[in-house]
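Report on the following structure.
The values are calculated or read from the model by the stated rules, or taken from the named source; none is laboratory data. The structure displayed is predicted, hence computed values, not measured ones. All Cβ positions, glycine included, derive from the backbone under ideal geometry; neighbour counts span all protein chains shown. Heads up: the accessible areas ignore ligands, DNA and RNA and are worked out on the full protein's heavy atoms, side chains in. Shrake-Rupley method; radii C 1.70, N 1.55, O 1.52, S 1.80 Å.
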Amino acid sequence: MAKDKKPRRPKAETPKGFRDYFGADVTERKAMLDAIAGVYHRYGFDPLETSAVETVEALGKFLPDVDRPNEGVFAWQEEDDWLALRYDLTAPLARVAAQYRNDLPSPYRRFAMGPVWRNEKPGPGRFRQFYQCDADTVGSGSVAADAEICAMLADTLEAVGIPRGDYIVRVNNRKVLNGVLETMGLTEGTQRDAVLRTIDKFDKVGAAGVRELLGKGRLDASGAYIDGVGLSDAQAEPVIAFLTSKAATAAETLTNLRQAVGASTIGAEGVAELEQIAALLAAQGYGPDRIDIDPSVVRGLGYYTGPVFEAELTFEILDDKGRKRQFGSVAGGGRYDDLVKRFTGQAVPATGVSIGVDRLLAALREKGRIGGDTLGPVVVTVMDRDRMADYQTMVAELRNAGIRAEVYLGNPKNFGNQLKYADKRNSPVAVIEGGDEKERGVLQIKDLILGAKLAENATLEEWKERPSQFEVPRDQLVDAVRRILDEG
């Protein structure tokens with residue numbers, strides 16, 4: 001008789017493209033989200049939480065580089081409906097704006113924070129679940145709403161720890177590009193779509209690369225030949241003029257853009273909107289060192305209908321090969337006047353921005369502004385398990401004084417293991433009360449911060465007056481612990 005096979009044990013591993021977040025990661029993210037929410041709230045935006053699950057029909061096809069509505073999302077069928085995890089926070093907002101349009105104020109100003117999911121190929125630093133932080137105004141067609149989003153984005157970056165000089169918010173307009181395409185005679189069709197896809201590669205291949213791709217084609221970095229759109233140099237020139245129209249001042253840039261759009265009405269409208277945005281921002285004190293008109297912002301132009309903006313961090317970091325490079329984009333957004341219309345059939349103007357929280361956290365770690373050692377709780381050790389009530393009393397006193405603390409709840413038999421536990425928790429202090437201390441009404445306070453300094457072989461001149469372990473009366477527990485925390 002064959003032996004029954006043992007049940008297969010599941011592998012203790014995260015699915016590919018996902019990750020777990022532990023103490024410091026969660027704490028740092030919460031602090032960042034709180035700081036961002038504070039700025040959004042100050043600007044008059046209200047919080048909104050939507051379901052993580054939407055119908056595929058409601059989500060629609062708005063992910064870049066996908067052909068099917070449910071491609072790129074985690075979707076499943078439930079009876080007659082297809083459901084999916086949200087891939088961003090904007091599509092759910094469009095559904096909310098349509099569903100509650102008779103109850104919400106107009107314009108409706110909301111911010112939302114939370115995880116989103118993309119069913120994409122994961123890679124280094126690229127996960128299938130990540131956090132976004134959005135703010136949007138639905139129901140206003142005024143460019144003042146776009147300018148406000150840009151100002152708020154700049155304020156947000158500074159609030160989370162990115163100083164002026166380390167970031168720039170760059171602004172462009174989809175209407176200007178439409179005007180350029182109109183002057184080229186490309187108002188619709190596959191060739192126009194091919195030109196748009198080529199423009200989206202500007203940040204990777206530059207003006208020379210775009211020129212080649214608009215023409216016969218070019219060799220990529222791997223040596224493979226990429227076929228071009230097939231335009232002549234003269235046909236391609238308006239696109240190149242548009243992409244390279246950035247000048248020393250906003251006024252000069254706008255002049256160049258007017259030349260690029262020629263006689264196009266929609267193009268002229270886009271340039272006028274950029275001019276208004278620049279004037280509104282200048283009136284509020286936001287100069288080009290913080291927010292700048294820049295036609296090279298082309299990513300995602302196919303999605304937007306008017307002004308677009310992107311926040312870029314300008315400081316340098318070292319890549320995996322030790323080469324210097326700029327950190328790059330951490331937020332983007334723009335005007336999308338057609339999204340709510342999918343539900344209502346009526347045009348509803350909207351504009352907003354989305355911050356990539358994980359990338360922003362990574363940037364702050366690169367600059368050393370977060371990511372240092374976070375102190376754990378004070379650990380009250382257990383010398384006698386029959387006196388657990390005494391130890392719980394101590395920990396309650398510490399907590400009531402606002403000090404993070406815990407009683408060791410493992411096997412107290414080996415005292416060395418308790419100190420190892422405190423070390424792994426990065427605890428600043430261990431409190432010790434054995435039978436002798438109990439009789440004498442005292443406690444032993446072990447300074448683990450000093451112990452860590454000793455372990456690092458640090459210069460201890462500044463610590464020579466500070467004992468690593470000392471005795472205090474029982475009623476001075478809180479004062480003794482607070483003194484170490486304050487000096488630490």
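Brief remarks follow.
- In summary, Lys175 fulfils each of the numbered conditions (1) under 15 Å from the mean Cα position of the chain (by Cα); (2) within 27 Å of Ala97 (Cα to Cα); (3) of a type in the set (Lys, Arg) with the single exception of condition (1).
- Tally of residues being outside any loop (DSSP other than H, G, I, E, B) and without any contact (Cβ under 8 Å) to a residue 12 or more places away in the chain across region 196-247: 11
- Residue count for region 22-63, restricted to those that are touching a strand residue (DSSP E or B) at 6+ places or on another chain (Cβ under 8 Å) and on the phi > 0 side of the Ramachandran plot: 1
- Residue list for region 1-58, filter: of a type in the set (Lys, Arg) and open to solvent by less than 50 Å² (accessible area, probe 1.4 Å): Arg29
- Residues of region 320-336 that turn out to be surrounded by fewer than 16 Cβ atoms within 10 Å (Cβ to Cβ) and closer than 26 Å to Ala154 by Cα, as a count: 4
- Only one entry of Arg290, Arg299 meets the criterion of being in contact with a Leu (Cβ under 9 Å, 6 or more places away or on another chain), in contact (Cβ under 8 Å) with a residue 40 or more places away in the chain, within 15 Å of Ala331 (Cα to Cα) and charged (D, E, K, R), and that entry is Arg290.
- Qualifying residue in region 167-180 (condition: of a type outside the set (Phe, Trp, Tyr) and farther than 29 Å from Ala283 by Cα): yes
- Qualifying residue in region 114-126 (condition: farther than 17 Å from Leu360 by Cα, open to solvent by less than 20 Å² (accessible area, probe 1.4 Å) and more than 14 Å from the chain's Cα centre (by Cα)): no
- Criterion applied to Val56, Val39 was being among the β-branched types (Val, Ile, Thr) and closer than 20 Å to Tyr303 by Cα, and the one residue passing it is Val56.
- Filter result for the condition that a residue is open to solvent by less than 30 Å² (accessible area, probe 1.4 Å), on the phi > 0 side of the Ramachandran plot and modelled with pLDDT under 90, over Gly230, Gly217: Gly217
- Some residue of region 414-427 being open to solvent by 30 Å² or more (accessible area, probe 1.4 Å), in a loop (DSSP other than H, G, I, E, B) and without any contact (Cβ under 8 Å) to a residue 24 or more places away in the chain: yes
- Candidate set from region 134-167 (those that are open to solvent by 30 Å² or more (accessible area, probe 1.4 Å) and of a type in the set (A, V, I, L, M)); member that is nearest to the chain's Cα centre (by Cα): Ala159
- Among the residues of region 98-126, those that are within 24 Å of Val73 (Cβ to Cβ) and charged (D, E, K, R) comprise Arg110, Arg118, Glu120, Lys121, Arg126.
- Residue in region 95-106 that is assigned to a loop (DSSP other than H, G, I, E, B) and within 24 Å of the chain's Cα centre (by Cα) present: no
- When Val395 is tested against the conditions (1) in a loop (DSSP other than H, G, I, E, B); (2) touching a strand residue (DSSP E or B) at 6+ places or on another chain (Cβ under 7 Å); (3) among the β-branched types (Val, Ile, Thr), the lone failure is (1).
- Boolean, Ala278 is surrounded by fewer than 17 Cβ atoms within 10 Å (Cβ to Cβ) and of a type outside the set (Asp, Glu): no
Yes/no per residue for (1) modelled with pLDDT of 95 or more; (2) among the hydrophobic types (A, V, I, L, M, F, W, C):
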{"residue": "Val395", "(1), (2)": "yes, yes"}
{"residue": "Tyr408", "(1), (2)": "yes, no"}
{"residue": "Val431", "(1), (2)": "yes, yes"}
{"residue": "Gln469", "(1), (2)": "no, no"}
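- Among the residues of this structure, Pro295 does not count as one that is modelled with pLDDT of 90 or more, open to solvent by 60 Å² or more (accessible area, probe 1.4 Å), under 26 Å from Val353 (Cβ atoms) and not basic (Lys, Arg).
- The residues of region 369-397 that are free of Cβ contacts under 8 Å to residues at least 12 places away in the same chain and open to solvent by 60 Å² or more (accessible area, probe 1.4 Å), listed by number, are Asp386, Ala389, Thr393.
- Whichever residue in region 340-368 is more than 24 Å from Asn426 (Cα to Cα), small (Gly, Ala, Ser) and open to solvent by 10 Å² or more (accessible area, probe 1.4 Å) and, among such residues, is modelled with the lowest pLDDT: Ala347
- Single residue of region 174-195 satisfying the filter (modelled with pLDDT of 80 or more, over 16 Å from Ser245 (Cβ atoms) and in a helix (DSSP H, G or I)) that is least open to solvent (accessible area, probe 1.4 Å): Val195
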